[in-house]
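All of the numbers you see were taken from the coordinates with simple rules; none came from a lab. These figures come from a predicted structure and were not determined experimentally. Glycine gets a Cβ as well: all are built from the backbone with ideal geometry, and neighbour counts include every protein chain shown.
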Amino acid sequence: MIGLLPYIMASVLSAVVVSLVHPLLVKLALWKNIVDKPNARRLNHVPVPVLGGVGVFLGFIVALYTIAAMMGIQLPYIYTVLLVLMLGVGFIDDVRDLSPYTKFSVQILAVLLLYFSCDMRIDNLHGIFGLYEIPMYISLPLTLIVCVGLINSINLIDGIDGLSSGYSLMASLLFGAWAYMSGDKINLLISCSLIGALVPFFIYNVFGKKCKMFIGDAGSHLLGIIFCIVSLNTLNDPVSSKMDSALIPFVFAVLSHPIMDTLRVMTMRMCKGKSPFMADKTHLHHALIGQGISHLATTLIIIGLNLVVVATWAFCYQRGMSATAQLFIAVAAAILCIILPYPLLVKRKR
């Protein structure tokens with residue numbers, strides 16, 4: 001059984017760092033005019049600082065590497081490279097609005113670094129459709145599609161106060177719980193460091209007045225690459241034969257909201273002859289806000305819906321269903337909980 005004290009220390013340390021640097025970053029953002037300005041597709045009515053991702057990064061990285069050193073855990077150096085790379089491209093996008101193709105290029109580079117430098121890849125389907133190990137010519141494009149898609153889906157749900165950080169808190173708790181049960185010390189440390197960094201940011205983001213700040217594209221790109229690392233670690237970590245059948249369905253269930261909401265939004269845009277990357281207000285959180293629901297309540301509803309998908313998967317797993325059955329039922333639950341509510345809410349508003 002893993003002793004929890006170092007991981008609790010990681011959460012506390014990251015929370016303290018974020019709490020200390022957040023007010024300073026707010027002042028810096030206002031001084032340098034690094035703010036999210038209101039426009040037709042924004043929900044904020046006044047300029048809001050967007051350096052929250054920098055604070056989350058500082059808390060996360062300090063806690064992760066300090067506690068790893070105390071525990072004698074060797075973390076791949078490429079983790080730091082990827083975190084800085086994603087934070088940097090997101091920060092530039094916050095300041096200068098990069099083209100989607102530039103961001104995609106950097107995201108692809110980041111995933112390729114993971115694939116070839118750390119051997120972190122999707123090369124085993126763990127019994128889905130009866131398949132296990134898959135060749136590199138399938139593994140490489142599959143890993144690229146899944147990871148680049150995940151980074152962008154986390155970025156796209158960052159549309160209201162508390163959603164990206166609140167959702168990420170939920171996902172980190174679930175990944176951390178899985179890591180604890182499977183004995184994965186690295187994933188548990190990553191999850192606890194991220195939880196500690198996100199708690200104070202969430203409080204500032206949702207309840208802050210003078211110190212309110214958005215996480216920005218820098219933060220959402222950072223969260224995206226962290227969840228890529230955690231997901232690939234989960235899929236590649238040795239587990240019992242029973243847990244092996246649950247790996248892909250579990251990861252999908254935890255990440256179901258950003259994945260399914262993004263797929264629906266992009267499909268709708270393409271069906272209308274528009275670019276799938278053109279920003280609009282067709283996400284589930286926009287539909288909930290359109291019903292007069294507050295940002296916090298919307299965040300809690302979406303987290304609740306995602307947890308229903310996770311609970312559905314867990315029921316299937318406990319019943320001893322096959323990997324394929326677990327995944328299909330989790331996808332069906334995600335369609336009911338994440339895709340179906342949008343047209344119903346839009347129809348109700350009309």
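Could you tell me whether Y77 is under 12 Å from S193 (Cβ atoms) and without any contact (Cβ under 8 Å) to a residue 24 or more places away in the chain?
So Y77 does not fit the description; no.
Restricting attention to region 222-281, which residues are of a type in the set (D, E) and surrounded by fewer than 20 Cβ atoms within 10 Å (Cβ to Cβ)?
Residues satisfying the conditions are D237, D244, D280.
Could you tell me which residue of region 267-313 is farthest from D97 (Cα to Cα), considering only residues that are without any contact (Cβ under 8 Å) to a residue 12 or more places away in the chain and assigned to a helix (DSSP H, G or I)?
Only one residue tops the list, namely A311.
Cβ-Cβ distance below 6 Å, separation of 6 or more or different chains: which pairs start in region 128-139 with a residue that is at positive phi and end on one that is in a helix (DSSP H, G or I) and β-branched (V, I, T)?
F129/T324
Restricting attention to region 73-93, which residues are closer than 11 Å to H221 by Cα and either of a type in the set (S, T, N, Q) or surrounded by 17 or more Cβ atoms within 10 Å (Cβ to Cβ) (or both)?
Scanning region 73-93 gives L82, L83, L85, M86, L87, V89, G90, F91, D93.
Considering only region 191-206, I want to know if a residue exists there that is without any contact (Cβ under 8 Å) to a residue 60 or more places away in the chain, within 18 Å of A15 (Cα to Cα) and of a type outside the set (S, T, N, Q).
yes
Taking region 135-174, which residues are in contact with an Asp or Glu (Cβ under 6 Å, 6 or more places away or on another chain) and either β-branched (V, I, T) or surrounded by 22 or more Cβ atoms within 10 Å (Cβ to Cβ) (or both)?
Listed by number, the list holds a single entry, S164.
Scan region 96-127 for residues that are among the hydrophobic types (A, V, I, L, M, F, W, C), touching a residue at least 12 places away in the same chain (Cβ under 8 Å) and surrounded by 15 or more Cβ atoms within 10 Å (Cβ to Cβ) and jot them down.
Within region 96-127, F104, V106, A110, V111, L113, L114, C118, M120, I122, L125 meet the criteria.
Within region 185-264, which helices (runs of 4 or more DSSP H) (wholly inside it) include 2 or more residues that are closer than 30 Å to V95 by Cα?
Filter on region 185-264 gives 185-207, 216-236.
Taking region 315-330 as the search range and keeping residues that are of a type in the set (A, V, I, L, M) and crowded, with 18+ Cβ neighbours inside 10 Å, which one is farthest from I160 (Cα to Cα)?
So the residue we want is M321.
What residue, of L75, L64, L85, is touching a helix residue (DSSP H, G or I) at 6+ places or on another chain (Cβ under 6 Å), farther than 30 Å from I338 by Cα and part of a loop (DSSP other than H, G, I, E, B)?
L75
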